[in-house]
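First up is the structure itself, then whatever we jot down about it.
The values are calculated or read from the model by the stated rules, or taken from the named source; none is laboratory data. All values reported here derive from a predicted model rather than from experimental measurement. Quick reminder, even Gly has a Cβ in these numbers, built from the backbone with ideal geometry, and neighbours come from all protein chains shown. All accessible areas refer to the heavy atoms of the entire protein, side chains included, with ligands and DNA or RNA removed. Shrake-Rupley method; radii C 1.70, N 1.55, O 1.52, S 1.80 Å.
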Amino acid sequence: MKLKQNLTKSLVPRSEPNLRGTTCIDFPFHVNSRGLWVKLNDPHWWLNNSLPLLELQLILFCFALVFAHHFLKRFGFSKISSQILLGLAIGCSWNQWDDAKSKLFGVGSQNVLVLLTDFGYALYLFLSAAKIDVTRSIKTGKNSLLIGIPAVMAPLLIEGFVRNGLYGDTHLTRKQKAALPILMGFHGMTSFPVVASLVSELQIVNSELGRLSLSSALVSDIFGVLIMIAVGQANRFNNNPSKASAELSCLLLLFLLAVFVFRPAMRWIIKQTPEGAPVNSSYIQLVVFLALLSTVLASFTGQSPIIGPFIFGLAVPDGAPLASTLVDKLETLVSDMFMPILITTCALRVDFSKISAATFHNGFTKMNISLICAAVGIKFVTGVVSSKYCKFPFKDALTISLIVGCKGSVELVSYRIVRDYDGIDNGLYVTCTVCILIIATLVPAAVRCLYDPSRRYAGFQNRNIMHLNPSSDQLRLLACIHRNENITAILHLLNVSCPTLVSPLTVHIFHLIELPGRTAPIFISHKQQDDPLNNHSYSGQIINSFDRFERDNEGTVYVECFTAVSPCTVMHDEVCTLALDKIASLIILPFHITWTVDGFIDQDDQKIRKLNYNVLEKAPCSVGIFVDRGNLGRFRAMVWSSEMICSCSVCVIFVGGKDDREAISYAKRMVSDSRVRLTVLRLRAPMEDQNGSKSRQTWEDRVDGEVVKDFKSKCLGDERVVYLENVCRDGQETAFILRKIADRFDLIIVGRRNGLQSPQTAGLDEWNEFPELGLLGDLIASTDINTRASLLVMQQQQIR
C-alpha cells in the first residue's frame, strides 16, 4: 500500500525547519522489478524498484566519474577534486530537469546509496589501517614528531583562542555546543589516509619528503584522534558520569581485544600459511566479517562506529601474506568504486540554489568559517616553521607543510556525518565542502611545482665507466634483484668484471620488492642491522649469496646489500636515489623476460619492464640491462692461481656513439682477467658513405675513433683479444652477421644507441620489439636468432 510520511530527517537538517518537505514512498519497499515488459506504458516503472534504480545510479556514477576525471585532469585537477565537482554539478539546480533528477536521486534511493558507500568507507578505513606498520610507527624519527605533533596542536590552540576571544558571547544552542568541539577537531585534523592517497597520486611515496610526510601525518592523525576521544569523553562525563565511564570501559576493551586477541589470532593465520602461498579464503572472509563487526562493537564506546574498523585494521600485521591478500582482494572495489561514489554523494548534498547572504548570518556558521580559516592558516605556518627547524630547505618545507595540511575524503565524510546528525546547517556544510575542494585542488598542483624528486638525479658530473681511471678508480656497481633467480645471473656478470687489488669492485646489491599491503615504503640497509637475517629481513638468501662472493674475493670486492619495499610505480626513484647516494658508475637491471634451460620463455613481468624504462630515463649514471641466458654459468670467480681451468668469451659490437663507447670501456676492464677472451667487432658504413661524410665529420665520430685507437694501443697484441671490422650497407647485412656469430660467445655487449640513425641499422626499427634494448640488442634477444649467449645492453650516463 502507499504510505505518506513526513521525511524531514532525510531531506533537510532539523536546524532549517523552513525547508521541510513531504514525499510519498511505497511500503513495503519494492526491491526487484517484475521485468522489462510488464509496464510498457509507464516510462518510469524502474524508478519504483530499489535494486534496478541502484544499479542504474552506480552505472551513471561510474561512467560520469571516469569521463569527468579524464577531462579535468588535463587542467591539473586531482581525482578527489573531479569527484567533488561532479557531485556539485549533480546537486545543483537543473531548472526544468529538477523533477527528473529528484526521481533518479530520490530520498529512498539516496539512503540505499549512502548505506552502500558507508559500507565501503568502513572497509576503506580498515584497509588504510591494515597497511600501517605499527611497530615502525612507534619508532618514528624525531623529525616526524617535530612536524606531526605541532601540526595538530597549533590549530586546536588557535581555534580555542578564536572561539573564546572573538566569539565568546555568541549564543549557541545545546546541539551547537555539543558539535563545536568535534568540528574544531575536524577543521584542524590531519588524516593519514588522505596524505597517503595524495603522495601515491603524486608518485612521491618513496621520496625523502614523501616518507617524512607519511610518518608525520600518521603521528598527527593518531595524536589528533586521541585528543578528540579525550575531549569527547570529558564532555560526556560532565553530562552523565556513569554512562561515560561505561563507554570508556568499552573503548579500552576494544583496544585490548585488538592487541591481545585479534592481532595474535592473525599472526596464527600467517603461521598457518605456507611461504609464498595465498592465505586461505576462509580466513580472509573471517577477517572481513570481523572488520564489519567492529563497527557494531565501536557503537558501544560512544564514538563514531567507523573508529572500529580503523582499530581492527591496526591489529592486522602489515605486509605479506595477510595484509597484501586483503589489499589485493578489496582495494580495487573500495578505492575505485565505493570511495569515488561516496565522495560524489557527499558533494551531491550541496545545493547552491538554496544559498543566499542570509544563510551566513547565522552566528554559528560565521564562527566556524573563522575557525576553518584560522586552522588552515596556522597549520600551514606551523608546518613550514617545524620543517625549517628540522633544517629542510624552504621549498621542501613548503612542500611538507602543504602535504600534511591537505584535506580530502576523510574530512568530507566527517562533515557529512555531522550534518546528518543536524550538527551543522546547509550553509556551513557548503563552506566546508568548498574549502576541501579548494585545498584538494591547489595542494597537488603546488606540490608538483615545488618538488620534483627526479631533479636531484640530473647529472653534472661524469658517473660512468668510460671516465674512470682503470689503474686507480674502483668501479661502483648497483645491481638490482627482483627474485632469487636473478642472484646467479648477477654473480656470473660480476665474475667477469675482473675485480683486482689495484682496481677493486664495490657492489651495492638492491633487492626490490613490490609493496604488499603497506602504505609507507621500507628501505633496509642490511650492513647497519645487528642481525641481517632477523625476522624483518626480506632478503636472507640474497645476503648469504653475496656475502660468500665477497669472502671468495676478499680484498678485491666489497658488497653491501639493501632492500626496498615500495610500489612498482615509484620503485625507479629508489634505484636512482641509491645510485646517487653511493656514487655508482653503473646500474645493472635484469631483463623482464627469463628463459628456461630449453630456451622457452619462463616469465614475462611487465612491471619490471616499466621499471627498466623509468630507470633508463632518469638514472644519474650509466645503465646496463642484463639479458641472462645461463651461458655464463660455467665461468666462476676463483682464487688466483697459475692454472686457469675455464674461460669466458665476450664480444663487443661497436657501431658508434657514447653508448657503444661505454660498452667497450666495460669490456676493456674485463680483459684484464686472463680467463676472458674478448672480441671487438666494429660495424662500419660503406666507403661511399664514409667519403661523403668526411667533410662533415662530427665530434662524436672523432671521439669514436679515439676510443677505438686507445683500445687497439692498450689491448691488441694479447692473443686473447681480437679486433674485427665489417662493412654493413644496411640492417639486413648487420642482422646476417649477428646471426652468424651469436653462438660463438658467452656474453655479447652492445650499446643501446637510442635515437641514433646509421646505415648499419637501417630498417631494423621496423620490427623492434624491445626498444629498451636498442636495435642491436633487440635483434640479439629476439627469438629469430635464438642464441644461448647472454646480452648486456649499455646506456651511458645522460648529462641533463
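Count charges around Glu201 for me, please; just the other residues with Cβ under 11 Å from its Cβ, Lys/Arg as +1, Asp/Glu as -1.
+3
Just to verify a number: FRET efficiency for Val502 and Ser370, C-beta to C-beta distance, R0 = 41 Å, to 0.05?
Approximately 0.05, to the nearest 0.05.
Grab the Cα-Cα distance for Leu450 and Gln757, subtract it from 0.36 nm times how many residues apart they are, and report the gain in nm with one decimal.
106.8 nm
Suppose all protein chains stay in the model; what accessible area per residue would a 1.4 Å probe give for region 46-450, in Å²? Working shown, then result.
Working: 18180 Å² over 405 residues.
Roughly 45 Å² per residue, with all protein chains present.
For a Förster distance of 60 Å, can you work out the FRET efficiency between the beta-carbons of Glu331 and Tyr723, rounded to the nearest 0.05?
0.60
Describe numerically, in nm with one decimal, the distance between label points set 7 Å from Cα along Cα→Cβ at Leu56 and at Ile270.
Inter-label distance under the simple model: 4.9 nm.
What number, in percent, do you get for the relative contact order of region 46-450 if the mean sequence gap of Cα pairs under 8 Å and at least 6 apart is divided by its residue count?
31 percent
Ranked by accessible surface with a 1.4 Å probe, highest first, in what order do Leu494, Leu145 come?
Most to least solvent-accessible, the answer reads Leu145, Leu494.
Please list, in chain and number order, the residues 5+ apart from Asn768 or on another chain whose amide H is under 5 Å from its amide H, with Hs placed from the backbone.
Those lying under 5 Å, H to H, from Asn768: there are none.
Expected output is a single nm value to one decimal: the length gained when fully extending between Val385 and Asp743, i.e. 0.36 nm times separation in residues minus the C-alpha distance. What is it?
Using 0.36 nm per residue and subtracting the Cα-Cα distance, I get 122.5 nm.
As a test of reading the structure, rank Ile780, Ile799 by solvent-accessible area (1.4 Å probe, protein chains only), most first.
Ile799, Ile780
Are any of the pairs Lys177/Lys407; Lys658/Lys714; Lys73/Lys366; Lys175/Lys379; Lys407/Lys618; Lys271/Lys329 more than 22 Å apart by Cα-Cα distance, and if so, which?
Lys177/Lys407; Lys73/Lys366; Lys175/Lys379; Lys407/Lys618
Please list 3J(HN,Hα) in residue order for region 192-209, calculated via the Karplus relation 6.51 cos²θ - 1.76 cosθ + 1.60 where θ = phi - 60°; whole Hz, with x for glycine and proline.
Taking θ as phi minus 60°, the curve returns 4, x, 5, 5, 5, 5, 5, 5, 6, 5, 7, 6, 10, 5, 10, 7, 4, 6 Hz for region 192-209.
Measure off 7 Å from each Cα along the Cα-to-Cβ vector at Val288 and Lys177, then give the distance between these two points in nanometres to one decimal.
For Val288 paired with Lys177, the spin-label model returns 4.6 nm.
Tally Lys/Arg at +1 and Asp/Glu at -1 over every other residue whose Cβ is under 12 Å from the Cβ of Val66; what's the total?
That sum, taken over residues with Cβ under 12 Å, equals +1.
Quick one: net charge of Gly774's neighbours, Cβ under 11 Å, K/R +1, D/E -1?
Residues close to Gly774 contribute a combined charge of -3.
Please list the non-local residues whose amide H lies under 5 Å from the amide H of Ala762, H modeled 1.01 Å from N, same-chain partners needing a gap of 5 or more.
Gly731
How far, in nm, would the chain grow between Asp422 and Tyr613 when pulled straight, counting 0.36 nm per residue and subtracting the alpha carbon separation?
Length gained between Asp422 and Tyr613: 63.4 nm.
Could you work out how far apart the two model spin labels at Asn238 and Arg483 are, taking each label as a point 7 Å from the Cα in the direction of the beta carbon, and quote it in nm?
6.2 nm
With a Förster radius of 56 Å, plug the Cβ-Cβ distance of Arg702 and Leu252 into 1/(1 + (r/R0)^6) and report the FRET value to the nearest 0.05.
The calculated FRET efficiency here is 0.10.
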